[in-house]
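The values are calculated or read from the model by the stated rules, or taken from the named source; none is laboratory data. Every value quoted in this text rests on a predicted model; they were computed, and no experiment measured them. Positions of Cβ are generated from backbone atoms using ideal geometry, with glycine treated the same way; all protein chains shown enter the neighbour counts.
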Amino acid sequence: MITIIYRESFLTVTEKEQFEEQLSMEIRFCIDPSGHILECNKKGQALVEQFGHDFLKFFSDLYVDEAQNFLNAIKESDDIVTALLHDQLNELGLGTLYNGFTKNGQIILVGFCTQTLARLTGEFVHELRNPLTIIKGFLQLSNYTKEYEKYHPVILSEIERMHTILDNFLTMSLRKCTYKKMNPHELCKQLVALLSAECTVNHVAFDYDIAYTENHCNVDLDRVKQVVINLLRNAMEAFEAKNNGNKIVLRGSVEDRGYRFSLIDNGPGMDREVLKHLGQPLYTTKSKGTGIGISLCKKIIAEHRGTFCVSSVPRKGTTVSFYLPFVSPV
Ligand SMILES: Nc1ncnc2c1ncn2[C@@H]1O[C@H](COP(=O)(O)OP(=O)(O)O)[C@@H](O)[C@H]1O
Ligand SMILES: [Mg+2]
């Protein structure tokens, strides 16, 4: 018998905006020509709370001239002026990259903390380089051995992985969803095709158990696939060693007014501490991780008006599931 030590259902639709704000890296200010802040977004609010409503007060004596010059340059230019500024919060770090321009006599500043940017870009490049290296290697190998058939699945799977990575970063930039009515049972069949191919390539056993229903859900197919691929990647990465016992199961179950999709792995599981932090964007326990996967899954499922749930037992495995509501019959 499996005892679930922790089960959390998180992120309602109302929390979505709050979450997007958290995930967003953008700092936005609207200031008057003297540097007084008239408006800002939540990220900007944190600075205002600490240093007051004068933009120039964000900077220590060492950097205040640079900030003043930046404001002057914006006032004199008809174009966007960019500057890397070190405010008091990140004097030692890389600073914040601001784009500034004037609009209706006011100055609009849009900034990005370059540390976060640099980290994300670094991870992004790193993540794309891995599959590219594999694809290159296998193409060379297949040319050399003339056994294209043998390497074909790996190459395809790696290309698929690059798609996922690119999609994740695209979704971060808040692309809109497009929904179609879809039978969850049909959706599961598509997921089975996807999962079984991936599992075969990675030498992981795969099984499924899908309940039938006549009902439909509103689904953005690409995005739900993106969720499942992210969950699959996590399960694969969690398996400590390649051995014959590694197994992944897709379960589709009919629930009250909706359908639950569960991905079950028999990997090492997570302890309480990890589960507690799992809801936070950019939380990762991996040295090369991005911490984007789960955050993004939650966001996508919230956009589907569904719920997302993780349960895990250390040394037994993890079940990540999401519930999509049925479209009420007309
Ligand atoms: N199936 C799983 N088994 C064990 N740990 C998991 C699983 N899925 C997620 N995790 C944990 O959750 C963390 C966050 O996952 P995710 O948001 O996808 O970011 P990343 O994979 O880049 O670390 C992981 O670092 C890992 O510790
Ligand atoms: Mg992940």
- Query: Can you tell me which residues in segment 203-215 are among the acidic types (Asp, Glu) and part of a loop (DSSP other than H, G, I, E, B)?
  - Reply: GLU214
- Lone unmet requirement of (1) of a type in the set (S, T, N, Q); (2) in contact (Cβ under 8 Å) with a residue 60 or more places away in the chain; (3) more than 30 Å from ASN218 (Cα to Cα) for THR284: (2)
- In segment 225-271, what residues are in contact with a helix residue (DSSP H, G or I) (Cβ under 7 Å, 6 or more places away or on another chain) and away from ligand 1 (no atom under 16 Å from the Cβ)? GLY252, TYR259
- Note on the structure: Filtering segment 12-50 for residues that are part of a helix (DSSP H, G or I) and modelled with pLDDT of 60 or more leaves a count of 9
- Report, ordered by the first and then the second residue, all pairs with beta carbons closer than 7 Å, sequence separation of six or more or different chains, a first member in segment 133-157 that is in contact (Cβ under 8 Å) with a residue 24 or more places away in the chain, and a second member that is aromatic (Phe, Trp, Tyr) and in a helix (DSSP H, G or I). VAL154/PHE138
- Item | Positions within segment 124-147 being under 11 Å from ILE165 (Cα atoms) and crowded, with 17+ Cβ neighbours inside 10 Å, in sequence order | PHE124, GLU127, PRO131
- Failed item in (1) farther than 30 Å from ARG257 by Cα; (2) at pLDDT 85 or above, with THR307 passing the rest: (1)
- Item | Conditions (1) buried (at least 19 other Cβ atoms within 10 Å of the Cβ); (2) more than 23 Å from GLY291 (Cα to Cα): number failed by HIS203 | (1)
